[in-house]
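The values are calculated or read from the model by the stated rules, or taken from the named source; none is laboratory data. Bear in mind the structure is a predicted one, so any value in this text is a computation, not a measurement. Every residue, glycine among them, receives a Cβ derived from its backbone with ideal geometry; neighbour counts consider all protein chains shown. The area values use the complete protein model at the heavy-atom level, side chains included, leaving out ligands, DNA and RNA. Shrake-Rupley method; radii C 1.70, N 1.55, O 1.52, S 1.80 Å.
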Amino acid sequence: QVQLVESGGGLVQAGGSLRLSCAASGSVFSINGMGWYRQAPGKQRELVATISRGGTTNYADSVKGRFTITRDNDKNTVYLQMNSLKPEDTAIYYCNAISRVSVSPYWGQGTQVTVSS
C-alpha cells in the first residue's frame, strides 16, 4: 500500500504562483511514475503533469511553460510549481502514484487550488 498526502493548495490571484507537494509513504520502493491530475467542477479529471522515477516529465499542453513537476526520491515527494496561474487552473489537484506491485494507481485526497481574476 502507498499513501499520498498533498499540501500547498489555496487561493491566489491570477498571475500568482503556488507550489503543491505530495508526500508518499508506505511501500514507496514500489513507486515508478508519479503525477498530478486536476478536476474542475462539472469536468472530468485530467492529467496535469507526470514524472518518471528517472525524471522524465510530461505536461498537458494547457500548463506547458507555466508549471514544473519535480521529484525528490530521497524524500518520496513530488512537487508541482505553478506559475502564471489563470482562473481556468481552478480545480482540485490530486497526486497520483503508479506502483509496479499494484494494478491500480494510488491517489491522494486532493488539494483545492482557486485562482481569482
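Using only the C-alpha atoms, the convex hull of segment 1-76 corresponds to 117 Å³ per residue. Each residue of segment 17-23 was assigned a 3J(HN,Hα) from its phi angle through the Karplus expression (A = 6.51, B = -1.76, C = 1.60, θ = phi - 60°), giving 10, 9, 10, 9, 10, 9, 9 Hz with x at Gly and Pro. Note on Lys75: aspartates and glutamates with a C-alpha under 15 Å away, same-chain residues under 8 apart excluded, are Glu6. For a paramagnetic label modelled at 7 Å from the Cα of Thr56 toward its Cβ, which residues of segment 1-41 fall within the zone defined by backbone nitrogen distances under 14 Å? Answer for this model: 32-34. Annotation: per residue accessible area for the chain equals 52 Å², rounded to a whole number [probe 1.4 Å, protein chains only]. In the chain, the portion of solvent-accessible area held by carbon and sulfur atoms comes to 49 percent [1.4 Å probe, whole percent, DNA, RNA and ligands not counted]. Applying 1/(1 + (r/R0)^6) with r as the Cβ-Cβ distance of Glu46 and Gln3 and R0 = 25 angstrom yields a FRET efficiency of 0.60.
Between Val28 and Ser117, what FRET efficiency follows from the Cβ-Cβ distance if R0 is 30 Å, with the result rounded to 0.05?
So the FRET efficiency works out to roughly 0.15.
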